[in-house]
Amino acid sequence: MEKIIQHNSNKVIIAENLTKKFGNFKAVDNISFEVERGEIFGFLGANGAGKTTAMRMLSGLSIPTGGKGLVAGYDIGTQTELVKKNIGYMSQKFSLYDDLKVWENIELFGGIYGMKDNEIKEKTDKLMQVLDFESERDKLVGSLPLGFKQKLAFSVSIFHNPQVVFLDEPTGGVDPITRRQFWELIYDATSRGITVFVTTHYMDEAEYCNRVSIMVDGKIEALDSPKNLKKQFNATSMDEVFQQLARKAKRVDS
Ligand SMILES: Nc1ncnc2c1ncn2[C@@H]1O[C@H](COP(=O)(O)OP(=O)(O)OP(=O)(O)O)[C@@H](O)[C@H]1O
Ligand SMILES: [Mg+2]
């Protein structure tokens with residue numbers, strides 16, 4: 001396998017002037033940043049800022065029109081299959097099948113990730129215990145409450161133990177207690193060495209990240225730890241930081 005030589009193997013994500021144009025419109029405009037192994041990296045921005053577009057490029061699902069990216073050591077422009085094998089991705093729109101049972105979804109995705117049957121079975125048993133999902137195992141995913149689906153979708157996205165997982169608004173629309181439980185799962189994943197790249201519109205969640213980048217109109221306008229960002233913007237909360245930057249946005253809601 002041709003693996004690109006990395007300058008530093010502690011960098012799980014490297015984006016260099018990454019750009020995506022749709023026609024003449026730059027959805028992602030020349031963004032550069034690096035994410036360290038084991039980090040929880042928050043990717044913030046108003047609706048239409050370009051978060052999903054950037055994340056899809058980093059996940060090997062969309063080819064950049066400019067710039068470069070290395071994820072898990074592989075080139076997102078030329079080694080998309082290797083990128084996909086080494087990452088997990090939880091899309092903004094659900095990736096699980098509503099008309100399949102919980103265990104059937106897990107089996108399906110485990111198979112797609114190339115896991116062996118006995119490994120899938122063993123890990124499924126363990127997962128059902130950890131999530132306290134034993135009585136949901138045979139239920140259709142479509143019948144589960146949103147928070148259950150989100151926890152399951154996240155667990156499935158890291159089932160093959162990827163180096164990094166991309167979570168696109170994983171907690172949208174659920175109550176604070178369920179979101180808190182979801183974040184326990186995120187912390188658990190990072191403690192096992194999985195790097196987390198997460199978008200959110202909830203500013204309390206931004207505070208849980210090691211570092212946060214804030215995107216405005218396709219560009220990264222700020223990037224630092226929540227503590228340093230608050231200092232830099234003379235703000236008492238991440239919400240204030242976000243509001244200050246959001247005022248700069250030219251775009252109307254998409
Ligand atoms: N395939 C496409 N063709 C044309 N324009 C697109 C395409 N995908 C996204 N866009 C545009 O690019 C911009 C960024 O969209 P994107 O979905 O990346 O934003 P986002 O930050 O994820 O927003 P949200 O918070 O609403 O999910 C938007 O103006 C969107 O309409
Ligand atoms: Mg989006």
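The numbers here are math on the coordinates, done by the rules we state, and not lab data. Note that the coordinates shown come from a computational prediction; the quantities given were computed from them, not determined experimentally. Positions of Cβ are generated from backbone atoms using ideal geometry, with glycine treated the same way; all protein chains shown enter the neighbour counts.
Annotation note: GluC sites (Glu not before Pro) in the stretch 1-86 located in DSSP loop regions with a Cβ neighbour count of at most 11 within 10 Å are Glu2.
In order along the stretch 82-90, phi translates into HN-Hα couplings of 5, 4, 4, 5, 9, 10, x, 9, 10 Hz, rounded to whole numbers, per the Karplus curve 6.51 cos²θ - 1.76 cosθ + 1.60 with θ = phi - 60° and x for Gly and Pro. Of the trypsin sites (Lys or Arg not before Pro) in the stretch 27-136, the ones in a loop by DSSP (not H, G, I, E or B) with at most 13 other beta carbons within 10 Å are Lys93, Lys116. For a straight C-alpha distance cut-off of 16 angstrom, the aspartates and glutamates reachable from Lys116 (same-chain residues fewer than eight places away being disregarded) are Glu104, Glu107, Asp125. Remark: the stretch 19-26, residue by residue, has Karplus-estimated 3J(HN,Hα) of 9, 9, 9, 10, x, 8, 8, 8 Hz, where x stands for each Gly or Pro and the curve is 6.51 cos²θ - 1.76 cosθ + 1.60 at θ = phi - 60°. Under 5 Å between amide hydrogens, built in the peptide plane, is the criterion, and for Met90 it picks out Phe166, Leu167, Asp168 among residues at least 5 positions away or on other chains.
Taking a straight line from the alpha carbon of Lys26, these aspartates and glutamates sit under 14 Å away, with near neighbours fewer than eight places off in the same chain left out: Asp217. Extension gain, Arg247-Lys93: 0.36 nm per intervening residue step, less the Cα-Cα distance, totals 52.7 nm. State log₁₀ I(q)/I(0) for the chain at q = 0.10, 0.15, 0.16 Å⁻¹ as given by the Debye formula over alpha-carbon point scatterers of equal weight, solvent excluded. Values, matching the q order: -0.49, -1.09, -1.23.
How much length would be gained if the chain were fully extended between Val130 and Ser143, taking 0.36 nm per residue of separation minus their Cα-Cα distance, in nm to one decimal?
Details: separation 13, 0.36 × 13 = 4.68 nm, distance 2.02 nm.
Extra length from Val130 to Ser143 when fully extended: 2.7 nm.
Once the chain from His201 to Lys231 is taken as fully extended at 0.36 nm per residue, the excess over their C-alpha distance is 8.7 nm.
Reported to the nearest whole Å, the Cα centre-to-centre distance from the stretch 59-108 to the stretch 27-48 is 16.
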